[in-house]
Amino acid sequence: MHLTRREVVGGAATLVLGAGLERLVNGSEGTPTGGANLNSETIAFHGPRQAGVATAAQDHLVFAAFDMRSDAADDLRALLEQWTAAAARLTVGLAYEPSSSLDGSPMDTGEALGLGPSRLTVTVGLGPGIFGTAGHDRFGLAGRRPPDLQQLPAFQGESLDASVCGGDLCLQACADDPQVAFHAVHVLSRLASSAATLRYTQIGFGRTSSTSRKQQTPRNLMGFKDGTANIRSEDTQAMDEFVWIQESDGPQWMANGTYLVARRIKILFDVWDAATLEDQQRTIGREKISGAPLGSQSETDPIDLQATKANGELVIPTNAHVRLASPQYNREQRILRRGYSYCENNEPGSGQLDAGLFFIAFQRSPTRQFIPIQRRLVASDALNQHTLHTSSAIFACPPGARPGGFIGEGLFA
Ligand code: HEM
């Protein structure tokens, strides 16, 4: 399938039509209006880097993965152009296309009207399939593959459901209002429908990480503070070292981009909830209530992995999660964790919650960061007996778009 230039231009043109209704919807000055629950804070969409990575983690996530049906590079390009133009509007709280015609179906589905921008960010990622498979370079882009964008290897103990893994494209919509995040994915998936098929979605109902010094550390569904030792976006040196792809990394068109790894991790609550508080704390390596490293007083105290008790035993057990995930055990590598709690329908008859962590990590090189850290964790992390990885995906998130440009533009230059 192939979209004509006219269809593409037509798609873009819908963004500027219907100005009359736009004023009605958004106020005569073109500024978004809303009711008492208006959340008016906006996150800039345009810029050298995509939003939704360094952005202080919002409260809600709607994540969506798509498969391209078309093998035409022009269709891919047109879709990225349309997504960029639409996302730029939605993130400032404008309707996608405020059509006033009664005999056409509204292009903006309407459910975010009056809710305000709510710090919406839309982050776009490209999956490995965009760059072809062995012997089939479907878009003619194989020569542009970012070197780290390879399918993740299988990890011991995982139980992946293929229907919620992978994808050619992804959208990470985050906002402080769940309906604003949903609306973005709703509108953008309608735009995709002629060239791509929605593969799966994942709702995240609460952030499990703090990514800014301004934020308090939230708790994950195990009841532990999560994100304490995370990279903070104010630490620009760490962001450059561990998150943003540098020019020297190549390829040139990905400079200022990053790699997104997503893993849906089910928490086995029947086992976890029955564990003693001491076992739970020894599993993580931190105290449950305060978040302090075992043997310390407060959450922000540094972790002393060498500290021993009077009997010579390590204070933080050898298989504690924070020990095995720490930079000291991982060639000083770190990742930016930006995940969300999820809850799905439970398996009929299981009587068990299907809930856990939709883990999202951003990094400069999955080969040096997520993959070896995860290998170390699966080998002996005490958390393994309480968790099960059920989905897996990797995407390259290109740099941000300049006004008038589009996300992924460098891919076609
Ligand atoms: C359901 C699964 C998981 C849960 C409940 C969980 C929970 C936690 C908690 C409570 C902490 C301590 C607080 C903090 O510093 O954030 C932590 C730290 C950390 N976790 Fe996880 N985690 C999970 C999976 C993972 C995975 C899959 C990875 C990476 C492959 C990972 C990487 C890390 C890292 C790098 C740290 C910081 C270690 C440090 O430097 O102190 N976690 N996690």
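The values are calculated or read from the model by the stated rules, or taken from the named source; none is laboratory data. For clarity, every value in this text was computed on a predicted model and none was experimentally measured. Using ideal geometry, Cβ is built from the backbone for each residue, glycine included, and neighbour counts are taken over all protein chains shown.
Tabulated data
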| quantity | calculated |
| --- | --- |
| Residue count, region 318-332 (criterion: more than 11 Å from D381 (Cβ to Cβ), crowded, with 18+ Cβ neighbours inside 10 Å and in contact with a Lys or Arg (Cβ under 6 Å, 6 or more places away or on another chain)) | 0 |
| Scope region 209-226; condition among the charged types (D, E, K, R) and either crowded, with 18+ Cβ neighbours inside 10 Å or within 9 Å of the ligand (Cβ to nearest atom) (or both); matching residues | R219, K225, D226 |
| Residues located in region 355-388, provided they are within 13 Å of the ligand (Cβ to nearest atom) and either of a type in the set (D, E, K, R) or free of Cβ contacts under 8 Å to residues at least 12 places away in the same chain (or both) | R368, R375, R376, D381 |
| Those residues of region 276-292 which are within 13 Å of the ligand (Cβ to nearest atom) and either outside any loop (DSSP other than H, G, I, E, B) or more than 25 Å from the chain's Cα centre (by Cα) (or both), in sequence order | Q280, Q281, R282, T283, I284, G285, R286, E287, K288, I289, S290, A292 |
| Residue match in region 105-123 (condition: surrounded by fewer than 16 Cβ atoms within 10 Å (Cβ to Cβ) and of a type in the set (A, V, I, L, M)) | no |
| Cβ-Cβ under 7 Å pairs, at least 6 apart or on other chains, region 137-152 side under 13 Å from F370 (Cβ atoms), far side part of a loop (DSSP other than H, G, I, E, B) | D148/S365; D148/P366; D148/T367 |
| Residue match in region 301-317 (condition: out of contact with any helix residue (DSSP H, G or I) (no Cβ under 9 Å at 6 or more places or on another chain), at pLDDT 95 or above and near the ligand (Cβ under 10 Å from one of its atoms)) | yes |
| Long-range neighbours under 6 Å by Cβ, at least six apart or interchain, first residue polar (S, T, N, Q) within region 104-133, second surrounded by 22 or more Cβ atoms within 10 Å (Cβ to Cβ) and assigned to a strand (DSSP E or B) | S118/A175; T121/C174; T123/Q172; T123/C397 |
| Long-range neighbours under 7 Å by Cβ, at least six apart or interchain, first residue modelled with pLDDT under 95 within region 43-70, second not aliphatic (A, V, I, L, M) | S70/H2 |
| Out of A238, A229, sole residue that is of a type in the set (A, V, I, L, M), within 27 Å of R368 (Cβ to Cβ) and surrounded by fewer than 17 Cβ atoms within 10 Å (Cβ to Cβ) | A238 |
| Check on R402, within 11 Å of the ligand (Cβ to nearest atom) and in contact (Cβ under 8 Å) with a residue 24 or more places away in the chain | no |
| Checking D270 against (1) surrounded by fewer than 16 Cβ atoms within 10 Å (Cβ to Cβ); (2) free of Cβ contacts under 8 Å to residues at least 40 places away in the same chain; (3) not aliphatic (A, V, I, L, M), the condition it does not meet | (2) |
| F155 touching a Cys at 6+ places or on another chain (Cβ under 8 Å), closer than 27 Å to D273 by Cα, at pLDDT 95 or above and within 16 Å of the ligand (Cβ to nearest atom) | no |
